[in-house]
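Computed from the coordinates by the stated procedures, all read-outs in this text should not be read as laboratory data. All values derive from a computational prediction rather than experimental measurement. All Cβ positions, even for glycine, are placed from backbone atoms using ideal geometry, and neighbour counts span all protein chains on display.
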Amino acid sequence: MVLYDPTKIPGDVYDTHTHLNDDSMFHDVAAYIGRANEYRVMQMNVVGYDLQGNQRAIEIAEQNENVYAIVGWQPDSTNEFDDEKLDILKEQIKNPNVVGIGETGLDYHFEGFNKNKQIDSFEKHLQLAKDNNLPVTIHMRDAFEDVYSILKKFDIHEFIMHSFGGDQKQAQKLLELGGYISFSGMVTFKKANNIQEAAKIVPLNKMLVETDAPYLAPVPYRGKMNEPAYTRFVVDGLSEILNIKRDELAKITTKNAQTLWNTSK
Ligand code: NI
């Protein structure tokens, strides 16, 4: 295992969206955090997606310094999201380790989804975020129009479009609402021209980086299992696209995340 050379890249990195709560990583949380730290990925948000995912996110954040929990129900899991689960969520956000709501949103990609149920859940999450003044992490796939109009309707400004996979036009509209755009390993993929062009119009103070581990490993690990340490390679790829120094981008995106989730060290 070759360590990331800290003499070349001293700036700390913040993985704003990872799933150490996923079965594939939960058994070895300490090792993933340790390796992330070797790569100078020093802070991370563990993001929930269902009942167990949220409980685990909180547990991990409670047990590890500089790791924070975000809780919510992903669109794919909204069939199980009911009033009782909403009450649990309301209790969970009182935990001091919880810094945001999510992931929530709309995903119309796979057939058989329940659109009304997704929208209902999304709106409840947005209301919760608003009532508690918490940033909301949004998962959006093949659903830009609905996501956009609902954000507008709820007058939500403090949101993160996670693992952004849209184009320049979409990025522009989300930025106009006040949102942050978070880039994952997808931005490093060879054919991701749309995402790369979109990145060029995102102001640096609205930019975040993430892994979405265990999914979407960046180049040079594309196709392999992802982990928080690889946020480093998202920063590398993105800095090349934007033609700015890697260390500078690391510092700016880390500062953005710390400010947004109130997690300054
Ligand atoms: Ni995710």
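Less than 5 angstrom separates the built amide H of G100 from those of V71, all sequence-distant by 5 or more or on a different chain.
For the chain, the normalised intensity computed at q = 0.14 Å⁻¹ comes to -0.90 (log10 of I(q)/I(0), Debye sum over alpha carbons, equal scatterers, no solvent). Multiplying each eigenvalue of the alpha-carbon gyration tensor of segment 115-187 by 5 and taking the square root yields semi-axes of 19, 14, 12 Å, largest first, rounded to whole angstroms. Projecting label points 7 angstrom from Cα along Cα→Cβ for S24 and E176 puts them 3.7 nm apart.
Once the Cβ-Cβ distance of D142 and Q258 is raised to the sixth power relative to R0 = 41 Å, the FRET efficiency obtained is 0.80.
Sorting 122-128, 92-98, 44-50 by their mean Cβ neighbour count within 10 Å, with the most densely packed peptide first, gives 44-50, 122-128, 92-98. Compute the relative contact order of segment 150-244 as a whole-number percentage, counting only Cα pairs closer than 8 Å that sit 6 or more residues apart in sequence. RCO, segment 150-244: 26 percent. For Y14, the residues 5 or more places off, or on other chains, whose built amide H falls under 5 Å of its own are T254.
Beta bridges per DSSP, both residues in the chain: antiparallel share near 0 percent. Taking chymotrypsin sites (Phe, Trp or Tyr not before Pro) across segment 143-217, none is in a DSSP loop with at most 11 further Cβ atoms lying within 10 angstrom of its Cβ. For the chain, a crude dipole built from +1 on the beta carbon of Lys and Arg and -1 on the beta carbon of Asp and Glu, taken about the Cα centre, is about 1040 debye to the nearest 20. If the limit is 23 Å between Cα atoms, which of K124/K153; K90/K251; K191/K224; K173/K206; K191/K251; K124/K152 go over it? Distance filter (> 23 Å) returns K90/K251; K191/K251.
Remark: relative contact order (segment 50-146) = 29 percent; criterion is Cα-Cα distance under 8 angstrom and separation of 6 or more residues. For segment 80-236, the square roots a ≥ b ≥ c of the C-alpha gyration tensor eigenvalues yield an a/c of 1.5 or more together with a/b exceeding b/c, which makes the shape prolate.
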